[in-house]
Amino acid sequence: MPEPASTFGAGIDSIYYIILWITGAIFVLVETALIVFIIRYRHREGRVAAYSHGNKKAEIVWTVIPFILVLFIVYASNDIWLEVKRADQGGAAPADALPLRVVAKQFEWNVTYPGPDGELDTADDFVKRNQLHVPIGRAVRIDLGSEDVIHSFFLPDFRVKQDAVPGMTIPVWFEATRTGEFPLACAELCGLGHYRMRASLTVHEAADFDLWQSQEIAASGSPTGASEIDTERANEAEISEGEESA
Amino acid sequence: MSTTQLLAPNVTAQHWADPSHPDDRPFIRRYIFSTDHKTIGNQFMFMSLFFLLVGGALAMMIRWQLGWPGQPMPGGGVLPETMAPGGILLPEFYNSLVTMHGTFMIFFAIMPLLVGMFGNWLIPLHVGASDMAFPRLNMMSFWSAVPAGFIMLASFVVEGGAAGAGWTAYPPLSAVPEYSGVSTGQQLWCVSLIILGFSSLMGAVNYITTIVNMRAPGMTWMRMPLPIWSLFITAILILLAIPILAGAAIMLLFDQTIGTTFFLPEAGGQPLLWQHLFWYFGHPEVYILILPAMGVASEVIANGSRKPIFGYPAMVGAIVAIAFLGWIVWGHHMFQSGMNPLLGSSFMLSTMIIAVPSAIKVFNWLGTIWRGDIHFHTPMLNALAFVGMFVIGGLSGVFMASTPVDIYIHDTYFIVAHLHYVLFGGSLFAIFAGIYFWFPKFFGRMLSPTLGKIHFALTFVFYNLVFFPMHNLGLGGMMRRIYDPNQYGFLEPLQPMNTFVSVFALALGVSQLVFFFNILWSLWRGEKAPENPWRSNSLEWSLASPPPHGNFEAMPAVYRGPYEYSYPGRGEDFWLQGEPPDGGAVHAPTGGAPVGEGVPQ
Ligand SMILES: [Cu+2]
Ligand SMILES: [Cu+2]
């Protein structure tokens, strides 16, 4: 597994290692017993098998012990699951989260950024295809949707995977802990181009993210439809507008 | 319990074998449209082994593409331009390959081998009946599975190719041709599975009726061999689960053809509804594919260890518990689907609890070989491999049952590794064990033990070299069903491992030819099989190999449980269920299964 790059990544990995240790121990125990018995009790001249129909005590022991172990695993897993899914908040992302919208379609990821005002569905929103940019150290809330078939939004380094289902908007959140460029993959068979439905996620320092955002707005022209020459001024207007509304 | 109360009126009207009267059925009634359960079992074997070959060939192509992405496949030139121009597999054909590999293996190979073949071979003989309760229905069950299989196969040659939305056929991809590029193939997929559903239902009612009504006097529930217990519970699962699959497939077919929108969001349909229906069938299906394997493995392990099965009542209880829990876990396939995360928690709990009855079974198998006198005949080798591999498949299941861990490994090769440890390492090894064990009974010839051991050794080694590394591919983040992993920079370092897996997958595929050769060769040239080559206990082993039409010459009587191996003080280390206790002096041994409780009426 790649080194985790999200706040909850290490927690998910820790439960993975707990399960690995428990199942690993059982694996070694059972397979060793199997091999030892196979060797020890192989047919030899004069060997007679024991006549036994079982043992109640043994049955109870190997019913109760696995039961306790799985209950422990469920308990430990559920803690992290509820934290990742923020079930106690009804699935809502942290309040200060950067809102983004990701809409999947065959075979691309369209990311809507809120622009300087920090709100979706306002005039300063802009859309990037197959490029997800987020700041480090700030939660990101993604409203995940799909235009056609089911896709799956998979950020391996962030331990994030969520199906994108047409007709539904599903909340996803994470908070990056490392800067850099990471893969975004489609994990659900979605047709001919499924295997190449990839995008990149770039995690910036907070200041760099703002810089990237203003460069994007500058490069793509004013989101309000002003001419390219007016872009910079328009941008400033957008920004101040954003501040006012904040 | 009085056994007579359990017997339906038709039991007295059974047509037992009549040695004074030659079997004068015409060829066609004897071998083709036969109502004899043994012949139907054989037919299911040949049909399913054919589809096992087909599914295997598709897997070889998948592994070629993953091992050597974009390279022309040797011999691929024979495929039409629409599949592999110049031998290079196309992405759309690759999607059909993964879809049809899963479909053929699950529905047309593993399921009919376990249920169709073993069910027909074993149920009437093990309970002491002359045939199934409804022999004609039984014949229809087989003869509707055949066209279903060929419709599925034919979909490769229709325009647009075979279904390509995965064996799970998630809509909208599976429902709208513009999304998948496949129209007719996707419809044929539904039609084929609907027909196959009828086949399974006809089998299931037959099995249930036969087991409930036609057990010979003395064959109490707790004296039934474990394959019969597992097939009985499996038949109940089929009866309840298959209509859900067939219903969902009909809805999907309507979405595809007559403009309904059950699963399409444009008009208020729900893509997730399909997943709920599919997995509400699909998880019981998982146990349809493993319970009979467990039963067969239990039978062979007790025989190979020359010991009574350890904890027979616990084994039966575990089968029932697994089957029951199997109905309330389907959501574990949908943790990342957008289903409410709180539902995820409850499905995690129910799923994890299934580990308990599974563990009970494993420990009881260990208890059975413990202090045994283990004979390593070919069936036993495969049955022991079944236990060893099922343990791995079961333990890896704990990872994905854990909702947070599943976030990462869902839809990756970790899942592919897990399901192959259960379905190949588990089901298929048990199928091999069962075929080596019962082939002599139904074809009158032994399978070659030398070829059998070669086949076992090659399969066991290559199998692990193929599927164990897939766990690592999945942990490396490699998604399922991708045509070319090298599209992703982070998957490029996994290419050597993918090539490694593919090399041994091809070797695994080729080694199966030893098995097929063994069957064909032994059918004509194998050593003649005696009545009871494995010195086993259940009723079929006191009959000729193969048993005559009608099986028994008269209603057999059953005097003891099926696992009375190494009974102290007997000269033999086995004790046929139908052998009368000598001189009426029955020494009931202590503990476990009821033995020799009186002589049946
Ligand atoms: Cu996709
Ligand atoms: Cu399942």
note = Within the range B:480-524, the count of residues that are within 14 Å of another protein chain (Cβ to nearest Cβ), open to solvent by 30 Å² or more (accessible area, probe 1.4 Å) and of a type in the set (Phe, Trp, Tyr) comes to 1
task = Return the total of residues in the range A:200-225 being within 25 Å of residue A:185 (Cβ to Cβ) and at pLDDT 90 or above.
result = 10
key: Filter result (within 9 Å of chain B (Cβ to nearest Cβ) and of a type in the set (Val, Ile, Thr)) within the range A:19-38   = A:19, A:22, A:23, A:26, A:30, A:35, A:38
request  = For residues that are of a type in the set (Phe, Trp, Tyr), at the interface with chain A (Cβ under 10 Å from one of its Cβ atoms) and in contact (Cβ under 8 Å) with a residue 60 or more places away in the chain, scanning just the range B:357-389, find the one that is least open to solvent (accessible area, probe 1.4 Å).
outcome  = B:365
task = Give the residue, chosen from B:319, B:354, that is within 16 Å of ligand 2 (Cβ to nearest atom) and more than 30 Å from residue A:146 (Cβ to Cβ).
result = B:354
inquiry  = Quick check on this structure: which one of A:174, A:209 is touching a strand residue (DSSP E or B) at 6+ places or on another chain (Cβ under 7 Å), within 14 Å of chain B (Cβ to nearest Cβ), more than 16 Å from ligand 1 (Cβ to nearest atom) and open to solvent by less than 40 Å² (accessible area, probe 1.4 Å)?
reply    = A:174
ask   = If you go through the range B:307-337, how many residues are farther than 19 Å from residue A:64 by Cβ, open to solvent by 20 Å² or more (accessible area, probe 1.4 Å) and facing another protein chain (nearest Cβ under 7 Å)?
value = 0
ask   = Just to be sure, is residue B:108 open to solvent by 20 Å² or more (accessible area, probe 1.4 Å) and either in a helix (DSSP H, G or I) or acidic (Asp, Glu) (or both)?
value = no
note = Taking the range A:105-130 and keeping residues among the polar types (S, T, N, Q) and surrounded by fewer than 18 Cβ atoms within 10 Å (Cβ to Cβ) leaves A:110, A:122, A:130
ask   = Just a yes or no: is a residue in the range B:180-192 of a type in the set (Phe, Trp, Tyr) and open to solvent by 10 Å² or more (accessible area, probe 1.4 Å)?
value = no
ask   = Regarding residue A:139, is this residue at the interface with chain B (Cβ under 10 Å from one of its Cβ atoms) and open to solvent by less than 20 Å² (accessible area, probe 1.4 Å)?
value = no
query = Inside the range A:122-162, counting only strands (runs of 3 or more DSSP E) that do not spill past its ends, which hold 3 or more residues that are assigned by TED's automatic domain parsing to the domain that holds residue A:181, of a type outside the set (A, V, I, L, M) and within 12 Å of ligand 1 (Cβ to nearest atom)?
reply = A:151-155
key: Lone qualifier among B:177, B:147, B:124 - being at pLDDT 95 or above and open to solvent by 10 Å² or more (accessible area, probe 1.4 Å)   = B:147
query = Does the range A:204-212 contain any residue that is under 28 Å from residue B:102 (Cβ atoms) and assigned by TED's automatic domain parsing to the domain that holds residue A:114?
reply = no
query = If a residue has to be more than 7 Å from every other protein chain (Cβ to nearest Cβ) and outside any loop (DSSP other than H, G, I, E, B) to count, how many in the range A:42-63 make the cut?
reply = 4
query = Any idea which of A:64, A:102, A:70 is more than 16 Å from ligand 2 (Cβ to nearest atom), surrounded by 15 or more Cβ atoms within 10 Å (Cβ to Cβ) and at pLDDT 90 or above?
reply = A:102
Criterion: open to solvent by 20 Å² or more (accessible area, probe 1.4 Å) and either at pLDDT 95 or above or in a helix (DSSP H, G or I) (or both) - qualifying residue of B:53, B:58, B:66 = B:53
request  = Report yes if some residue within the range B:452-468 is at pLDDT below 95, under 30 Å from residue B:230 (Cβ atoms) and within 14 Å of chain A (Cβ to nearest Cβ); otherwise report no.
outcome  = no
query = Residues in the range A:64-83: is at least one outside any helix (DSSP H, G or I) and either away from chain B (no Cβ under 11 Å) or farther than 14 Å from residue A:174 by Cα (or both)?
reply = no
query = Which one of B:377, B:333 is away from ligand 1 (no atom under 16 Å from the Cβ) and over 30 Å from residue B:306 (Cα atoms)?
reply = B:333
task = Quick one: count up the residues across the range B:408-453 that are part of a helix (DSSP H, G or I), more than 15 Å from residue B:397 (Cβ to Cβ) and of a type in the set (A, V, I, L, M, F, W, C).
result = 13
task = Can you confirm whether the range B:578-590 contains a residue that is at pLDDT 95 or above and part of a helix (DSSP H, G or I)?
result = no
query = Only one residue in B:440, B:469, B:449 is open to solvent by less than 10 Å² (accessible area, probe 1.4 Å) and more than 20 Å from the chain's Cα centre (by Cα), so which one is that?
reply = B:440
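The values are calculated or read from the model by the stated rules, or taken from the named source; none is laboratory data. What you see is a predicted model; the values in this text were computed from it and never measured. Ideal geometry is used to build each Cβ from the backbone, glycine not excepted, and the neighbour counts take in all protein chains shown. Each accessible area value is taken on the protein alone, full model and side chains, heavy atoms only, with ligands, DNA and RNA left out. Shrake-Rupley method; radii C 1.70, N 1.55, O 1.52, S 1.80 Å.
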